[in-house]
1. Taking segment 51-79 as the region of interest, how many residues are over 18 Å from L40 (Cα atoms), hydroxyl-bearing (S, T, Y) and open to solvent by 90 Å² or more (accessible area, probe 1.4 Å)?
2. Would you say L103 is over 30 Å from E167 (Cβ atoms), at pLDDT 85 or above and either open to solvent by 60 Å² or more (accessible area, probe 1.4 Å) or touching an Asp or Glu at 6+ places or on another chain (Cβ under 7 Å) (or both)?
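The values are calculated or read from the model by the stated rules, or taken from the named source; none is laboratory data. As the structure is a computational prediction, the values presented were derived from the model and not from experiment. As a convention, Cβ positions derive from the backbone with ideal geometry for all residues, glycine included, and neighbour counts pool all protein chains shown. For the accessible areas, the whole protein counts, side chains as well, though only heavy atoms, and no ligand, DNA or RNA atoms are used. Shrake-Rupley method; radii C 1.70, N 1.55, O 1.52, S 1.80 Å.
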Amino acid sequence: MHDNRTHPLLAQVPLTVSPFVSLPTATTLPYTYKTLPSTLPPSSTGGSGEEKSQYVVSSSGHAAHPDEIIASCKALQAYIQKVQDDADRELKTWEDAIAARELAEKRRVAPGWLDSESRLLEPEKRANSSAQAGNARGNLMDVDVSSAEASGLQHTPMPQPNREGDELDRAFGGLGLNK
């Protein structure tokens with residue numbers, strides 16, 4: 001193949017020419033053809049060489065360099081991530097506050113239930129329950145309506161007032177007027 005000689009085996013293979021296949025031919029260039037430079041010429045706007053040319057133009061007419069577009073996209077992405085993190089943090093603190101309020105309400109309703117492993121609650125006995133029962137029989141206004149003593153007072157006989165206005169004096173206090 002070198003020196004324009006063919007290989008002896010290839011010389012033995014017959015070649016056929018197909019009318020349907022055309023070999024490529026060289027194109028002819030016009031006389032006004034000029035080659036393109038390998039680098040872009042300097043900006044015609046008179047900007048400094050450090051300034052990047054803004055050759056990406058949007059449909060609104062705003063021009064920017066691709067590096068500026070990438071930088072603004074990264075800044076936007078960082079801002080969105082910061083806002084998302086702040087929102088997640090605020091949501092978590094809000095949910096934690098709600099859970100703490102619910103836990104405080106459960107502890108108020110059933111103190112000791114959530115704080116210990118024993119799930120059997122027993123009411124506390126008051127040391128001064130007999131003293132309160134004695135006071136309750138004396139004055140109906142001092143009795144706690146939700147207590148067990150109040151339900152027992154329904155069957156207690158009421159003392160009859162011995163003079164007019166004594167019942168009002170007991171309920172509202174004496175005015176210090178004596179007859």
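1. 3
2. For L103, the condition - over 30 Å from E167 (Cβ atoms), at pLDDT 85 or above and either open to solvent by 60 Å² or more (accessible area, probe 1.4 Å) or touching an Asp or Glu at 6+ places or on another chain (Cβ under 7 Å) (or both) - is met.
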